[in-house]
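The values are calculated or read from the model by the stated rules, or taken from the named source; none is laboratory data. These numbers were taken from a predicted model, which means no experiment stands behind them. A quick note on method: Cβ atoms are made from the backbone with ideal geometry, for glycine too, and the neighbour counts reach across all protein chains shown.
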Amino acid sequence: MGSFSRNTFDATRNYIGVRMQQGVPLIDADWNEMDDAIRNEVYSGLSQVVADGVEPGTQNFLVAQAGAPANNLVMGGGAAIVGGRPLRVSPTTTYTAQPWFNNPTKAQQDGVAVIPPLTTPTGNRTDLAFLDVWEREVRSTEDNNLINPLIGVETCVRVKREVALRVAEGVQTLPAAPAGHAFIPLAFLNRLAAQPNITTAQIDDIRPKLFGNRGTRSISFTPALMAFATGSFGWAFDGLTNTAKCSTVFGTGLLPVTLPDGANLLALRIQVVTQEFYIVFCRKPQSGVGDQILNVACNNVAPPQTYDSVFPIPTTGRMNIVDNSRFSYFLSLQSGQQPTTLHRVFFNYQF
């Protein structure tokens, strides 16, 4: 640590500037509080108007397969914003080549947790690769340019923004960030038992994107259903009421849905007049079986009644994160034994 008389900055006081008075000593604490106040204004302002993430359509901070040694990854450079902090990293980062990798001495020196070696899974396992951003002091022992050659002493230290690639093994949600750190998710590593190398096919890119709409949003779909497989259909779209109606017992229809890429799906909302109604939400890759994300029902013993039901989207396996580059999404909707009228289908989501 640098030699400071005291640290007076406190964000909760809402001080946004420092005014020097005439005829008084220049104190390091005042100078430093001014710098901290300015940075806090920038970070707070950016974090309120710009979501964390990378520019869409770029490979900034993309996690990819590495060569030797085993249990390794690489992360591309580029630009991003994390917690209101602008980042710019030029070279590629290799997991095992980071200064804090398996190096407790360096980690303690920089005041961060050591980056441990990755382990070979004993069973199939999903890990979370994420970006760790923090700031630390740099002194002349690390950068001798901080010594003014005219006076031969270190007058001021510097504050440097650091970036590290970390992995939480067996975890699909971000761990809590320590004070002064900010995390964003980068990739899921769908690792296979007894396989030490992480291949491209095992890496799911989940980098958040900049310029997305912040907060909760909703997207709705006209209930114009298609025939599904070889089962009973019976659904007809009424253009006057913008509803789908079915009098066929267990009539099954398919509703393709186009969802915002990269969105975090929160809930499915169904408005339907029915006594018995079944809903299955799925994602389907170009080839393969696909995944069933949600399977729910609206049931009641009374005659058909209006349901306005909201069903939370499970977060298991991060299937709630829309990936239109790999999957198509659809709803399978089935009536029961009484006439059914489907009014609206909504998805609530956020970026």
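Among the residues of the stretch 67-105, which ones are of a type in the set (S, T, N, Q) and part of a loop (DSSP other than H, G, I, E, B)? Outline the logic, then answer.
Pass one, the stretch 67-105, residues of a type in the set (S, T, N, Q): 71-72, 90, 92-94, 96, 98, 102-103, 105.
Once the filter is applied, which keeps residues that are of a type in the set (S, T, N, Q) and part of a loop (DSSP other than H, G, I, E, B), the stretch 67-105 yields Asn71, Asn72, Ser90, Thr92, Gln98, Asn102, Asn103.
Return a yes/no flag: does the stretch 235-257 have any residue that is touching a strand residue (DSSP E or B) at 6+ places or on another chain (Cβ under 9 Å), assigned to a strand (DSSP E or B) and closer than 30 Å to Asn60 by Cβ. Spell out the reasoning first.
Step one: list which residues in the stretch 235-257 are touching a strand residue (DSSP E or B) at 6+ places or on another chain (Cβ under 9 Å), which gives 235-238, 241-257.
Now restrict to residues that are assigned to a strand (DSSP E or B): 235-238, 243-246, 252-257.
Imposing the further condition that a residue be closer than 30 Å to Asn60 by Cβ reduces the set to 257.
Yes; the residues of the stretch 235-257 include at least one that is touching a strand residue (DSSP E or B) at 6+ places or on another chain (Cβ under 9 Å), assigned to a strand (DSSP E or B) and closer than 30 Å to Asn60 by Cβ.
Scan Ala64, Ala29 and give me the residue that is modelled with pLDDT of 85 or more, among the hydrophobic types (A, V, I, L, M, F, W, C) and part of a helix (DSSP H, G or I). Can you show your working first?
On the way: Ala64 fails: part of a helix (DSSP H, G or I).
Result: Ala29 is the single residue among Ala64, Ala29 that is modelled with pLDDT of 85 or more, among the hydrophobic types (A, V, I, L, M, F, W, C) and part of a helix (DSSP H, G or I).
Show me the strands (runs of 3 or more DSSP E) entirely contained within the stretch 169-222 in which 2 or more residues are of a type in the set (A, V, I, L, M, F, W, C).
Values: elements: 182-191, 203-205, 216-221.
Qualifying strands (runs of 3 or more DSSP E): 182-191, 216-221.
Picking from Val322, Val249, Val289, which residue would you name as being among the hydrophobic types (A, V, I, L, M, F, W, C), exposed (fewer than 15 other Cβ atoms within 10 Å of the Cβ) and either within 22 Å of Phe188 (Cα to Cα) or not assigned by TED's automatic domain parsing to the domain that holds Ala227 (or both)?
Going through Val322, Val249, Val289 in turn, just one is among the hydrophobic types (A, V, I, L, M, F, W, C), exposed (fewer than 15 other Cβ atoms within 10 Å of the Cβ) and either within 22 Å of Phe188 (Cα to Cα) or not assigned by TED's automatic domain parsing to the domain that holds Ala227 (or both): Val289.
Name the single residue, out of those in the stretch 221-230 being exposed (fewer than 12 other Cβ atoms within 10 Å of the Cβ) and either of a type outside the set (A, V, I, L, M, F, W, C) or modelled with pLDDT of 90 or more (or both), that is nearest to Arg344 (Cα to Cα). Walk me through how you get there before you give the answer.
Step one: of the stretch 221-230, the residues exposed (fewer than 12 other Cβ atoms within 10 Å of the Cβ) are 226, 229-230.
Checking which are either of a type outside the set (A, V, I, L, M, F, W, C) or modelled with pLDDT of 90 or more (or both) leaves us with 226, 230.
On the way: Met226: 16, Thr230: 25 Å.
Among them, the one singled out is Met226.
With the structure loaded, tell me whether Gln338 is assigned to a loop (DSSP other than H, G, I, E, B), over 28 Å from the mean Cα position of the chain (by Cα), in the same structural domain as Val272 (by TED's automatic domain parsing) and surrounded by 15 or more Cβ atoms within 10 Å (Cβ to Cβ) or whether it fails that test.
yes
Which residue is farthest from the chain's Cα centre (by Cα), if the candidates are limited to the stretch 32-61 and must be among the aliphatic types (A, V, I, L, M) and in a helix (DSSP H, G or I)? Lay out the reasoning, then the answer.
Going residue by residue through the stretch 32-61, those that are among the aliphatic types (A, V, I, L, M) are 34, 37-38, 42, 46, 49-51, 54.
In the following step, the residues that additionally are in a helix (DSSP H, G or I) were identified as 34, 37-38, 42, 46, 49.
Values: Met34: 33, Ala37: 28, Ile38: 28, Val42: 22, Leu46: 17, Val49: 17 Å.
Only one residue tops the list, namely Met34.
Filtering the stretch 113-137 down to residues that are touching a residue at least 60 places away in the same chain (Cβ under 8 Å) and over 23 Å from Asn190 (Cα atoms), which residue is farthest from the chain's Cα centre (by Cα)?
If we take residues in the stretch 113-137 being touching a residue at least 60 places away in the same chain (Cβ under 8 Å) and over 23 Å from Asn190 (Cα atoms), then Glu137 is farthest from the chain's Cα centre (by Cα).
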